[in-house]
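Please treat every number below as a calculation from the coordinates, not as lab data. Please read these numbers as outputs of a predicted model, since none were measured by experiment. Every residue, glycine as well, gets a Cβ built from its backbone with ideal geometry; the counts of neighbours run over all protein chains shown.
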Amino acid sequence: MFKGKILGAIIGTCFGGPWGALCGAALGHYFVDSASSNEAESEDRIQRILTLYIRAAAKMAKADGVVSQAELNEVETFFGQINLPLAQVNRLKIEFNNAINSTQSLNSIVVEFAKVASQELNASLFNTLAQIAIADGAISTKEKSALIEVASVLGISDRDLNQFLSANTYEQSDLAQAYKTLGISANASIDEVKKAYKEKCKSLHPDMLASKGVSELIVKLAENELSRVNDAYQTIKKTRGLF
């Protein structure tokens, strides 16, 4: 069970930047809740979710029939932000390129994704697809229809969907994300914040992970997660005037 929980604790930041905040928190929350005791099985589930995520991104980029340079730039930004072994990144890039011209529909990919994902993961995917849709500055009729269909499958509320369509934004504040990264509420005491931070750092320490014999992928993800934990802690400290 330990390795499964480590997967859950560190998968949250295989993504970074504007795509990563929601995706990371959702992935981390999902695997903490449902991680398997079998490490190989857990990694297979991670790979499956990443694959479907990338395929859906590719289909949204081509929702209006043409993949714009702005949409490609958005995806390239994503690939530039994920800190995974090169082989993993290259595999995801191949998945993206193949999915653009595949016969599988966006809807069928999202339906498959929703079967293995939590509601937070669904929200994360919608956020990513929405960012791609607005990457070139405007949402086309076809992109809007695709988003409405995707929102229905993913269980996105009408209120959230309409808010996005009217404001062209679907973001989460840095502070709210910081609390989610540490796994605590915004009402946590200073002592609770410090305790959560120390526990996260301890579970992600390279020496501890090495002693457990985890894979290269997991160690790499741990480095990413530890960096995000540190950033989250600094954000909370600054907000509370603890410097």
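Computed values, structure above
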{"item": "Subset of LYS115/LYS144; LYS195/LYS238; LYS62/LYS144; LYS194/LYS237 violating a 21 Å alpha-carbon distance limit", "result": "LYS115/LYS144"}
{"item": "Simple label model, 7 Å out from Cα along Cβ direction - ALA87 to LYS212, nm", "result": "2.2"}
{"item": "Inter-centroid distance (Cα atoms) of region 85-162 relative to region 175-243, Å", "result": "28"}
{"item": "Full-stretch length increase - SER189, ASP174 - with 0.36 nm per residue and alpha-carbon distance subtracted", "result": "3.5 nm"}
{"item": "Label-to-label distance, nm, for residues given as ASN98 and GLU149 (7 Å Cα→Cβ offset)", "result": "2.3"}
{"item": "Summed side-chain charge close to GLN69 - residues other than GLN69 whose Cβ falls under 11 Å, Lys, Arg +1, Asp, Glu -1", "result": "-4"}
{"item": "Per-peptide average of other Cβ atoms within 10 Å, ordering 112-123, 230-241 highest first", "result": "112-123, 230-241"}
{"item": "Normalised contact order of region 174-239, rounded percent, pairs of Cα under 8 Å and 6 or more residues apart", "result": "47"}
{"item": "Cβ crowding within 10 Å averaged over residues, with 182-194, 144-156 ranked highest first", "result": "144-156, 182-194"}
{"item": "Prolate/oblate/rounded call for region 89-167, Cα gyration tensor, a/c under 1.5 rounded", "result": "oblate"}
{"item": "Using alpha carbons only: equivalent-ellipsoid semi-axes of region 174-239, gyration tensor based, whole Å", "result": "24, 12, 8"}
{"item": "Virtual spin-label span in nm between SER108 and ALA138, 7 Å along Cα→Cβ", "result": "3.2"}
{"item": "Ranked packing of 90-101, 204-215, most packed first, by mean Cβ within 10 Å", "result": "90-101, 204-215"}
